[in-house]
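Data block below; observations after.
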Amino acid sequence: MKLATLKHGGRDGTLVVVNRGLTHCRAVPHIARTLQAALDDWEAVVSPLRHVAALNSGAFKDSDAFDPADCHSPLPRAYQWADGSAYVNHVELVRRARGAELPPEFWTDPLMYQGGSDSFVGPRDPVWALDEAWGIDLEAEVAVVTGDVNMGATPAAAAQAIRLLMLVNDVSLRNLIPGELAKGFGFLQSKPASAFSPVAVTPDELGDDWRDGKVHRPLTVHVNGALFGSPDAGTDMVFNFPQLVAHLAKTREVEAGSIIGSGTVSNKQGGLHGSSIASGGVGYCCLAEVRMYETIETGKPQTPFLKFGDTVRIEMFGRDGASIFGAIEQRVAKYPG
């Protein structure tokens, strides 16, 4: 089942069921007006929603055309957005970039921060910033949306609470990060609003590619129209999603509608720049990684961070070549407010 939120209908939008081809959708106000309402009453609404989704071979009868430009993030705002760093290879590289050592416990205990969840942006909305000097970077990730999770839940129990999967562009302002972390309180200004894929899907939509609490498909990233990366989201993921959800729930209850991210998808590589697509590798899901490899090999980074006018596209394709979540397509722009 594929679900999306259209921008009309108030701040939290209007829930629609989307067909597998991502061409048509149907609003379901008689079942749940918003995605949060559906998650709050999931056991009661999931069967009616699946009944609507069962009509998704081709276009829904009497349905509307589905346009990702009309979409907000599936949850326009959420009670909680916590982002992990399940790909320790990425953590190690970005820490090296700022001269920090990787503590050994990062391989056994997940790293996670709590991000702003009051104002996500849509999959076609700009990446807003006030200054290019902040070091604007994309971070392509996978995320899960949960139902209610009890405090102290085991990974096995947490796995049963995973309701939906999405893609994320978790934007980072790299040049603001060192100063913030030096204060000892973590990210704040360096983590602006994230964007999510047009569509959130139930795990069964991935078939055998959803296993062991991981999504085993390449995550494709284009920057300014050029292929930048296509690492496999299931490879080198040290902590799976049930482990990440359980980590969050260790000392608190986790409410329905909470979003937990994987962190930047990253595969271990060798060769020139780690290796980039141009060098025959799988590339990257953020600019910081390739800049780190360039620094190691040439003494300084060569790839610039994003500038106003640059574009980013993040997408994942199934084995049949069809887009699973739709694409996040964003242009970096100077905030006008």
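The values are calculated or read from the model by the stated rules, or taken from the named source; none is laboratory data. Model, not experiment: these values are computed from the prediction. Glycine gets a Cβ as well: all are built from the backbone with ideal geometry, and neighbour counts include every protein chain shown. Ligands, DNA and RNA are stripped out before the accessible areas are found, and what is left, the full protein with its side chains, is counted by its heavy atoms. Shrake-Rupley method; radii C 1.70, N 1.55, O 1.52, S 1.80 Å.
So the values come out like this:
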item: Exclusive hit being open to solvent by less than 20 Å² (accessible area, probe 1.4 Å) and either over 24 Å from A233 (Cα atoms) or modelled with pLDDT of 95 or more (or both), set V121, V168; result: V168
item: Residue that is assigned to a loop (DSSP other than H, G, I, E, B), open to solvent by 10 Å² or more (accessible area, probe 1.4 Å) and either more than 22 Å from D125 (Cβ to Cβ) or at pLDDT 95 or above (or both), where the choices are D204, D208, D236; result: D236
item: The range 217-255, residues that are closer than 25 Å to L39 by Cβ and touching a helix residue (DSSP H, G or I) at 6+ places or on another chain (Cβ under 7 Å); result: R217, P242, Q243, V245, A246, A249, V254
item: Test: residue in the range 275-288 that is touching a Phe, Trp or Tyr at 6+ places or on another chain (Cβ under 9 Å), touching a residue at least 12 places away in the same chain (Cβ under 8 Å), open to solvent by less than 10 Å² (accessible area, probe 1.4 Å) and in a strand (DSSP E or B); result: yes
item: Subset of the range 248-274 [not in a loop (DSSP other than H, G, I, E, B) and not polar (S, T, N, Q)]; result: L248, V254, I259, I260, G261, L272, H273, G274
item: The range 1-22, subset part of a loop (DSSP other than H, G, I, E, B) and of a type in the set (K, R), residue most open to solvent (accessible area, probe 1.4 Å); result: R11
item: Number of the condition not met by A32 [criteria: (1) open to solvent by less than 40 Å² (accessible area, probe 1.4 Å); (2) touching a His at 6+ places or on another chain (Cβ under 8 Å)]; result: (2)
item: Extreme residue, nearest to the chain's Cα centre (by Cα), among residues of the range 284-316 that are under 25 Å from R217 (Cβ atoms) and aromatic (F, W, Y); result: Y284
item: Considering residues of the range 289-316 that are of a type in the set (D, E, K, R), open to solvent by 50 Å² or more (accessible area, probe 1.4 Å) and not in a helix (DSSP H, G or I) only, the residue nearest to P231 (Cα to Cα); result: R313
item: Residues satisfying the stated conditions in the range 44-90, i.e. in contact with a Pro (Cβ under 8 Å, 6 or more places away or on another chain), in a loop (DSSP other than H, G, I, E, B) and closer than 30 Å to S275 by Cβ; result: S85, A86
item: Residues of the range 211-233 satisfying the condition of being of a type in the set (D, E, K, R) and surrounded by fewer than 20 Cβ atoms within 10 Å (Cβ to Cβ); result: R211, D212, R217, D232
item: Cβ-Cβ under 9 Å pairs, at least 6 apart or on other chains, the range 129-148 side without any contact (Cβ under 8 Å) to a residue 24 or more places away in the chain, far side of a type in the set (A, V, I, L, M, F, W, C) and assigned to a strand (DSSP E or B); result: D131/L173
